[in-house]
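Encoded as structure tokens, here's the structure I'll be asking about.
Bear in mind these aren't lab numbers, they're just calculated from the coordinates by the rules spelled out. In this text the structure is predicted, and so the values were computed from the model without any measurement. Ideal geometry is used to build each Cβ from the backbone, glycine not excepted, and the neighbour counts take in all protein chains shown.
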Amino acid sequence: MRIILMCGKGGVGKSALAASLGVRVALQGQRTLVYSVDPAHSLAWTFGQAVGAMPTPLASNLWAAELE
């Protein structure tokens, strides 16, 4: 298991970078969860679909979740 944390101040692109990295790793065949604790729920906006507190399947090997 590998955990990659993306941290920084607001508006610098953490969610977009985490989402793109998650897609790339999932395409390489690794089971991938992109998880956000940002109260703005920007992963749902980035992926263009609803993402809840439980892992939501988005594509093969790719799930996303956002803290409520």
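Of everything in the stretch 54-68, what is hydrophobic (A, V, I, L, M, F, W, C) and either closer than 19 Å to Val25 by Cβ or exposed (fewer than 10 other Cβ atoms within 10 Å of the Cβ) (or both)? Give them in sequence order.
Once the filter is applied, which keeps residues that are hydrophobic (A, V, I, L, M, F, W, C) and either closer than 19 Å to Val25 by Cβ or exposed (fewer than 10 other Cβ atoms within 10 Å of the Cβ) (or both), the stretch 54-68 yields Met54, Leu58, Ala59, Leu62, Trp63, Ala64, Ala65.
Sticking with this structure for a sec: What's the total number of residues in the stretch 27-63 that are of a type in the set (A, V, I, L, M) and under 11 Å from the mean Cα position of the chain (by Cα)?
Count: 8.
Next question, about the same structure. In the stretch 52-67, what residues are in a loop (DSSP other than H, G, I, E, B) and more than 19 Å from Gly10 (Cβ to Cβ)?
Within the stretch 52-67, Gly52, Ala53, Met54, Pro55, Ser60, Asn61 qualify.
Looking at (1) out of contact with any Leu (no Cβ under 9 Å at 6 or more places or on another chain); (2) in contact (Cβ under 8 Å) with a residue 12 or more places away in the chain, find the lone condition where Cys7 falls short.
(2)
Still on this structure, please answer the following. If a residue has to be in contact (Cβ under 8 Å) with a residue 24 or more places away in the chain and either touching a helix residue (DSSP H, G or I) at 6+ places or on another chain (Cβ under 7 Å) or part of a loop (DSSP other than H, G, I, E, B) (or both) to count, how many in the stretch 11-38 make the cut?
11
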